[in-house]
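What follows is a set of notes on a single structure, which appears directly below.
The values are calculated or read from the model by the stated rules, or taken from the named source; none is laboratory data. Only a predicted model underlies this, so the values are computations on that prediction, with no experimental measurement involved. Neighbour counts run over all protein chains shown; Cβ positions are idealised from the backbone, glycine included.
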Number of protein chains: 2
Amino acid sequence: MDRILLGHGGGGKLMHELIEKHFVPAFDLGQMTDSAILNVAPGKLAFTTDSFVVSPLFFEGGDIGTLAVNGTVNDLSVCGAKPLYLSAAFIIEEGFLISDLSKIVESMSKAASLAGVKIVTGDTKVVEKGKADGVFINTAGVGFLSEDVEISPLKIKISDVVIVSGEIGNHGACIMAGRNGLSFTPPLLTDSRPLNALVKEMLACSKNIHFMRDPTRGGIATTLKEGAVASGKCIMIKEHLLPIADQVKGLCDLLGLDPLYIANEGILIAIVDKQDADKLLEVMRKHPHGRNSAIIGEVLTAPEGMVIVETALGGKRIVEMLTHDQLPRIC
Amino acid sequence: MDRILLGHGGGGKLMHELIEKHFVPAFDLGQMTDSAILNVAPGKLAFTTDSFVVSPLFFEGGDIGTLAVNGTVNDLSVCGAKPLYLSAAFIIEEGFLISDLSKIVESMSKAASLAGVKIVTGDTKVVEKGKADGVFINTAGVGFLSEDVEISPLKIKISDVVIVSGEIGNHGACIMAGRNGLSFTPPLLTDSRPLNALVKEMLACSKNIHFMRDPTRGGIATTLKEGAVASGKCIMIKEHLLPIADQVKGLCDLLGLDPLYIANEGILIAIVDKQDADKLLEVMRKHPHGRNSAIIGEVLTAPEGMVIVETALGGKRIVEMLTHDQLPRIC
């Protein structure tokens, strides 16, 4: 038997065999009841969820499994939480290759291990052929925050500095290139990676990180706009300061895309107190996941709630949220 | 605009509008960052996840939203945990009616309110028409356990008593009837309901609840078999003691189904110390979600790891786990 049957989602013998053969060795499922039981310290809990429907399932430098683990790790991390436990829920299309499922589960196991989190509970559903697209994965996650960490767009203030932790647009461009049959030498890889270790060093370096997000769908444009609107400030970034790989620039020119709107799966935007910006940048650049960190802008008084980009030639343009979906199913 | 577009999953303006119009009024999303931040007491955390792919989405007495909330509430409850917070992640097919999404979200809001839990974080993805089937929903949940609660199949012992909290098979039969265009007078309703209040009273009544599960996919046969295998004991149930609605009996006869394998979404199986069985039954029958509770069997020494049903005529048959999937997409 090399393909998923409806019975693999039936709750009975086939499902038990699938779980025991593929999920138990890869994850930390413990007693296999319907809930994982975990010991926790008192404090603030961070709780998040994300479903992943990326197409194609496998791409340069990762797959849907890598994304599903790193995405949830990062959602917890950018709140300032230490990610601890993940769930993994699969919706699989009948006929899906068990060998592909196995590869994805293996990726999740490796990604969890790399991020230092445990996958402790899960679920498997199977739908008829044609009623899903290969496999969809949901990961929820819980993490803990120190009592002294409080990151919120309401803390953004005038003269704060905007930092990005790496080159923008690599993940979205990688998926887009894959879909269009384009390849690069060297290959353009997804930026999917866990940010918890980088964030830990940032929090140790500065108590003045006011805002932190990972700009996935909608790209850094949408994330910055969210920060501007929530804080009622103006965020001004300079185009020539944005770290962008040549391949991404080329692809954007070719396909008419704006890198500000392209999804990232392993970078973060931080808006921080000006006095801490240089030491934070130094710490971030020393970390393997922050080597290309850069200061890209600052917070101004007006126009309120706006994001402005200063172009290389000194012109200015207003950046709005993504209004359509330029790259569906990017994650 | 009355239908879901790909852009509703793009992370930008359309998605923000969808969230603000439909999800914010119905759920407890707080600051709308990617993770919810919650204050917790020290102790044992229960963490669970379930995806829901039921077809049809709407059925007698409930819909996919009701199931998604109650299912996760129940997974936490049968571990002995008090369910507190849920996540809600939607995978929506392009073209899905926004009015249907709105009904489902409303159901989730009501179900959460009824169960006393909060939906605190969420996610929305949209896939192209034909790449999903309407909507799939994942709910993950966190709850807390008292330090003195420990429910585990390893605690099952000889002469323990098996209790079921209500009529079996109603949910599965309701879905099956709906799919086959059959209707009953009065209508056969899903049994989907939250079990946390019932479990709370059970835990207050007895410290000797050894095993507790909600028998969803695979029915009570599969749940009892899991208990028998994990404990290495024999579970013997008597067919004539099983509470089954006449409509479910009739439908099972008509379609050739065994009610032991039909999914339930609002009953639980408890295996408890014999000395506490009668007082537990009394407490359970007083609760609106346990009115039809019944003692259905007992735990024997041998044959080890087996579930035996004694038929009304005194014959015996061995019950195995569900080996195929008699009712795909029941939840």
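Mind checking which residues of region B:129-154 are within 8 Å of chain A (Cβ to nearest Cβ) and more than 22 Å from the chain's Cα centre (by Cα)?
Matches in region B:129-154: B:G130, B:K131, B:A132.
Count, please, the residues in region B:161-182 that happen to be surrounded by fewer than 24 Cβ atoms within 10 Å (Cβ to Cβ), assigned to a loop (DSSP other than H, G, I, E, B) and in contact (Cβ under 8 Å) with a residue 24 or more places away in the chain.
Selection size over region B:161-182: 4.
Could you pull out the residue among A:Q247, A:Q275 that is exposed (fewer than 14 other Cβ atoms within 10 Å of the Cβ) and farther than 20 Å from A:E320 by Cα?
Details: A:Q247 fails: exposed (fewer than 14 other Cβ atoms within 10 Å of the Cβ).
Answer to the check: A:Q275.
Given (1) more than 20 Å from A:G9 (Cβ to Cβ); (2) more than 9 Å from chain A (Cβ to nearest Cβ); (3) touching a Ser or Thr at 6+ places or on another chain (Cβ under 6 Å), identify the lone condition not met by B:L67.
(1)
Would you confirm whether any residue within region A:231-252 is within 14 Å of chain B (Cβ to nearest Cβ) and either of a type outside the set (D, E) or under 12 Å from A:I168 (Cα atoms) (or both)? Quick ask: steps written out before the conclusion?
Our first condition is that a residue be within 14 Å of chain B (Cβ to nearest Cβ); within region A:231-252, this holds for A:231.
Now restrict to residues that are either of a type outside the set (D, E) or under 12 Å from A:I168 (Cα atoms) (or both): A:231.
Checked region A:231-252: at least one residue is within 14 Å of chain B (Cβ to nearest Cβ) and either of a type outside the set (D, E) or under 12 Å from A:I168 (Cα atoms) (or both).
Test of understanding: among A:K118, A:K125, A:K103, A:K157, which residue is within 14 Å of another protein chain (Cβ to nearest Cβ), surrounded by fewer than 22 Cβ atoms within 10 Å (Cβ to Cβ) and either basic (K, R) or under 17 Å from A:N264 (Cα atoms) (or both)? Step through it out loud before you land on a result.
On the way: A:K125 fails: surrounded by fewer than 22 Cβ atoms within 10 Å (Cβ to Cβ); A:K103 fails: within 14 Å of another protein chain (Cβ to nearest Cβ); A:K157 fails: within 14 Å of another protein chain (Cβ to nearest Cβ).
The unique qualifying residue is A:K118.
Of all residues in region B:3-53, how many are without any contact (Cβ under 8 Å) to a residue 40 or more places away in the chain, surrounded by fewer than 20 Cβ atoms within 10 Å (Cβ to Cβ) and aliphatic (A, V, I, L, M)?
Counting residues in region B:3-53 that are without any contact (Cβ under 8 Å) to a residue 40 or more places away in the chain, surrounded by fewer than 20 Cβ atoms within 10 Å (Cβ to Cβ) and aliphatic (A, V, I, L, M) gives 2.
Residues of region B:278-290 being in a loop (DSSP other than H, G, I, E, B) and surrounded by fewer than 20 Cβ atoms within 10 Å (Cβ to Cβ), which ones?
Scanning region B:278-290 gives B:H287, B:P288.
So that you can scan it fast, the table gives a plain yes or no per residue for (1) under 26 Å from A:V69 (Cβ atoms); (2) in a helix (DSSP H, G or I):
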| site | (1), (2) |
| --- | --- |
| A:M212 | yes, no |
| A:K225 | no, yes |
| A:I237 | no, no |
| A:Q247 | yes, yes |
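Where residues in region B:199-220 are hydrophobic (A, V, I, L, M, F, W, C) and crowded, with 24+ Cβ neighbours inside 10 Å, which of them is farthest from the other protein chains (Cβ to nearest Cβ)? Outline the logic, then answer.
Step one: list which residues in region B:199-220 are hydrophobic (A, V, I, L, M, F, W, C), which gives B:199, B:202-205, B:209, B:211-212, B:220.
Filter once more, so that each one left must be crowded, with 24+ Cβ neighbours inside 10 Å: B:199, B:202, B:209, B:211-212, B:220.
Numbers: B:V199: 12, B:M202: 17, B:I209: 14, B:F211: 10, B:M212: 9, B:I220: 11 Å.
Among those residues, the one meeting the criterion is B:M202.
Could you check region A:1-101 for strands (runs of 3 or more DSSP E) lying wholly inside it with 3 or more residues that are polar (S, T, N, Q)? Show your work before the answer.
Working: elements: A:36-40, A:43-52, A:82-93.
Because the criterion is at least 3 residues that are polar (S, T, N, Q), the strands (runs of 3 or more DSSP E) in region A:1-101 that meet it are A:43-52.
Residues are listed down the side, and each one gets a yes or a no for (1) more than 24 Å from B:E298 (Cβ to Cβ); (2) without any contact (Cβ under 8 Å) to a residue 12 or more places away in the chain:
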site	(1), (2)
B:P186	yes, yes
B:L195	no, no
B:I209	no, no
B:I220	no, no
B:I244	no, no
B:Q247	yes, no
B:C252	yes, no
B:L260	no, no
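Would you check if there is a residue in region B:242-250 being of a type in the set (D, E) and either under 18 Å from B:K155 (Cα atoms) or in contact with a helix residue (DSSP H, G or I) (Cβ under 9 Å, 6 or more places away or on another chain) (or both)? I'd like the intermediate steps shown before the answer.
Here is the first cut: in region B:242-250, the residues of a type in the set (D, E) are B:246.
Still in the running and either under 18 Å from B:K155 (Cα atoms) or in contact with a helix residue (DSSP H, G or I) (Cβ under 9 Å, 6 or more places away or on another chain) (or both): none.
Scanning region B:242-250 turns up no residue that is of a type in the set (D, E) and either under 18 Å from B:K155 (Cα atoms) or in contact with a helix residue (DSSP H, G or I) (Cβ under 9 Å, 6 or more places away or on another chain) (or both).
Among the residues of region A:291-327, which ones are surrounded by 14 or more Cβ atoms within 10 Å (Cβ to Cβ), assigned to a strand (DSSP E or B) and away from chain B (no Cβ under 14 Å)?
Within region A:291-327, A:A294, A:I295, A:I296, A:G297, A:E298, A:V299, A:L300, A:I308, A:V309, A:E310 qualify.
Which residues, counting only those in region B:106-142, are in contact with a Ser or Thr (Cβ under 8 Å, 6 or more places away or on another chain) and of a type in the set (D, E)?
B:D123, B:D133
So is A:S55 touching a Ser or Thr at 6+ places or on another chain (Cβ under 6 Å), within 24 Å of B:V54 (Cα to Cα) and not aromatic (F, W, Y) or not?
Numbers: touching a Ser or Thr at 6+ places or on another chain (Cβ under 6 Å): no; within 24 Å of B:V54 (Cα to Cα): yes; not aromatic (F, W, Y): yes.
The answer is no for A:S55.
It is to be established whether one or more residues within region A:268-281 are at pLDDT below 95 and in contact with a His (Cβ under 6 Å, 6 or more places away or on another chain).
Taking region A:268-281 first, the residues at pLDDT below 95 are none.
For region A:268-281, residues at pLDDT below 95 and in contact with a His (Cβ under 6 Å, 6 or more places away or on another chain): absent.
Among the listed residues B:F90, B:F184, identify the single one that is more than 14 Å from every other protein chain (Cβ to nearest Cβ) and aromatic (F, W, Y).
None of the other options fit; the residue is B:F184.
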